[in-house]
Amino acid sequence: MTNYSKADTKDSTSPMLTAICQVLARIPAGRVITYGDLAAMAGYPRAARRAGQALRQLPADTALPWHRVINASGRISLPEPAAQRQRERLEREGVIAIGGRIDLGRFRWQP
């Protein structure tokens with residue numbers, strides 16, 4: 001598990017960002033969750049877009065596993081070159097995309 005600290009955020013005063021970072025730190029290697037799952041686990045159900053916006057507030061050098069969050073269709077939603085970095089990190093952890101889609105039935109993290 002990645003340790004989370006307030007240094008991993010640019011805006012450590014946001015309760016939502018703090019809650020999202022706490023969940024994000026718990027996602028094990030080789031697993032993914034959706035933006036909606038992340039929001040719900042952080043206490044913000046039906047706030048998938050807001051969860052994605054919160055993740056954009058993370059600094060580029062964060063130790064948090066931001067790359068383990070994908071969209072509800074099992075696809076990477078980030079623009080290039082961030083999408084390529086996300087794919088590479090997931091592949092190193094054994095998460096495979098077939099036809100650009102990650103099998104949520106196989107790789108989804110459900111604590």
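The residue of segment 21-62 that is modelled with the lowest pLDDT, among those that are among the polar types (S, T, N, Q) and open to solvent by 10 Å² or more (accessible area, probe 1.4 Å), is Q57.
Residues of segment 50-76 that are farther than 16 Å from V23 by Cα and over 11 Å from the mean Cα position of the chain (by Cα): P59, A60, D61, A72, S73, G74, R75. Of all the residues in segment 93-111, those that are open to solvent by 90 Å² or more (accessible area, probe 1.4 Å) and charged (D, E, K, R) number 2.
Go over the candidates R56, R68 one by one and state the one that is among the charged types (D, E, K, R) and touching a strand residue (DSSP E or B) at 6+ places or on another chain (Cβ under 6 Å). Testing whether each residue is among the charged types (D, E, K, R) and touching a strand residue (DSSP E or B) at 6+ places or on another chain (Cβ under 6 Å) leaves just R68.
Is it the case, given these coordinates, that A7 is part of a helix (DSSP H, G or I), buried (at least 20 other Cβ atoms within 10 Å of the Cβ), modelled with pLDDT under 95 and among the aliphatic types (A, V, I, L, M)? Taking the combined requirement at face value, the residue does not satisfy it. Kindly provide the set of residues from segment 75-92 that are open to solvent by less than 40 Å² (accessible area, probe 1.4 Å) and either out of contact with any helix residue (DSSP H, G or I) (no Cβ under 7 Å at 6 or more places or on another chain) or in contact (Cβ under 8 Å) with a residue 40 or more places away in the chain (or both), ordered by number. Selection gives A82, A83, L90.
The values are calculated or read from the model by the stated rules, or taken from the named source; none is laboratory data. Here the structure is a predicted model, which means the values were calculated and not measured. Backbone-built Cβ (ideal geometry, glycine too); neighbour counts: all protein chains shown. What goes into the accessible areas is simple: the full protein's heavy atoms, side chains included, and nothing from ligands, DNA or RNA. Shrake-Rupley method; radii C 1.70, N 1.55, O 1.52, S 1.80 Å.
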